[in-house]
1. So D204 ticks every box in (1) farther than 12 Å from V156 by Cβ; (2) surrounded by 15 or more Cβ atoms within 10 Å (Cβ to Cβ) but one. Which box is left unticked?
2. Please work out which one of (1) closer than 18 Å to A74 by Cβ; (2) part of a helix (DSSP H, G or I) is the condition W112 fails and give its number.
3. Could you identify the single residue in S19, S43 that is assigned to a loop (DSSP other than H, G, I, E, B), free of Cβ contacts under 8 Å to residues at least 60 places away in the same chain, in contact with a strand residue (DSSP E or B) (Cβ under 6 Å, 6 or more places away or on another chain) and within 28 Å of E158 (Cα to Cα)?
4. Taking only region 87-108 into account, find how many residues are in a strand (DSSP E or B), more than 16 Å from the ligand (Cβ to nearest atom) and under 21 Å from E158 (Cα atoms).
5. Given the options A217, A187, A225, name the one that is away from the ligand (no atom under 14 Å from the Cβ), of a type outside the set (D, E, K, R), at pLDDT 95 or above and touching a Gly at 6+ places or on another chain (Cβ under 8 Å).
6. Out of the residues in region 144-164 that are closer than 14 Å to V118 by Cβ and within 10 Å of the ligand (Cβ to nearest atom), which is farthest from the chain's Cα centre (by Cα)?
7. Assess whether K180 counts as being at positive phi and either out of contact with any His (no Cβ under 6 Å at 6 or more places or on another chain) or not charged (D, E, K, R) (or both).
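The values are calculated or read from the model by the stated rules, or taken from the named source; none is laboratory data. Bear in mind that the values here come from a model prediction, so they are computed numbers and not experimental data. No Cβ is skipped: glycine too gets one built from the backbone with ideal geometry, and neighbour counts run over all protein chains shown.
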Amino acid sequence: MGYSDTLLKGQKAIVTGASAGIGEAIARHLAAAGAAVAVNYRSDPDSAKKIVEAIQAAGGEAVAIQADVSKEDAVKAMFAQALETFGTLDILVNNAGRQNDAPFTEMTAEQWRSVIDVNLTGPFLCAQEAARLFLKQGVREGVSRAAGKIIFISSVHEVIPWAGRVNYAASKGGIEQLMKSIAQELAPSKIRVNSIAPGAIKTDINRESWEKPEAEAELLKRIPAGRVGESDDIGKAAVWLASDESDYVNGTTLFIDGGMTLYPEFADGG
Ligand code: BGC
């Protein structure tokens, strides 16, 4: 994998929305680096079970935990279950997210809320539970220099406006200030809070923009690096951001987008 399988030794993690896509890759990579991982899912127990089994077959430790992250009681129950299983917690990855696109003038309040609830309120609730735990627990000597790490999976759309998806773009723009404000508040307590902002990564959420060659060619016009990203690109970065290798990194968004945020349309004119 390119990093040591003891980098996160003894650490316990929750990854939300880990039954597919980017969340699945993050769960696998954290486990491969030595962390015990709670694979959170909302509605697909079979996929979550498969991921847990794959992690275990590779010699790692994992458990599947059901919860809708937008519901306060469900979040509390998920953390209680993770604590009961692992005893402690060191890493939260707020990955669960969704799109529900519509032109602005046609978007219903329900469409707006459904995305804000999962993409912004969910991460708020999970980060709050994690922070309460980390504050109580403090630094676990010999395990990590931090009392805990919180990683938000944001998007390039925390800075790139997105017509027809104002709910999604607003949720990700919100993540930027949620992450930074929490980081500012908790850094003195040795809790590190950061984001990863993926660009176009091949998952189900954007399948229609990369599956057919013509669609992929169109998408590649926006990616200077010349390839659509893979979930593993994000999984590897999450390991680094969760580890002491990044101990001085606080309140930062790491864009992993093949250059999508570089205004590629300006490369040959302006
Ligand atoms: C969205 C994808 C999109 C990518 C780049 C992500 O946050 O979920 O649908 O392909 O941003 O635009």
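1. The failed condition is (2).
2. Of (1) closer than 18 Å to A74 by Cβ; (2) part of a helix (DSSP H, G or I), only one is false for W112: (1).
3. Working: S43 fails: in contact with a strand residue (DSSP E or B) (Cβ under 6 Å, 6 or more places away or on another chain).
Going through S19, S43 in turn, the sole match is S19.
4. Counting residues in region 87-108 that are in a strand (DSSP E or B), more than 16 Å from the ligand (Cβ to nearest atom) and under 21 Å from E158 (Cα atoms) gives 1.
5. Numbers: A217 fails: touching a Gly at 6+ places or on another chain (Cβ under 8 Å); A225 fails: away from the ligand (no atom under 14 Å from the Cβ).
Answer to the selection: A187.
6. It comes out as S155.
7. Numbers: at positive phi: no; either out of contact with any His (no Cβ under 6 Å at 6 or more places or on another chain) or not charged (D, E, K, R) (or both): yes.
Judged against the criteria, K180 is not a match.
Residue-wise test of (1) more than 20 Å from the chain's Cα centre (by Cα); (2) part of a helix (DSSP H, G or I); (3) surrounded by 19 or more Cβ atoms within 10 Å (Cβ to Cβ).
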{"site": "G226", "(1), (2), (3)": "yes, no, no"}
{"site": "I234", "(1), (2), (3)": "no, yes, yes"}
{"site": "V239", "(1), (2), (3)": "no, yes, yes"}
{"site": "V249", "(1), (2), (3)": "no, no, no"}
{"site": "E265", "(1), (2), (3)": "yes, yes, no"}
{"site": "G270", "(1), (2), (3)": "yes, no, no"}
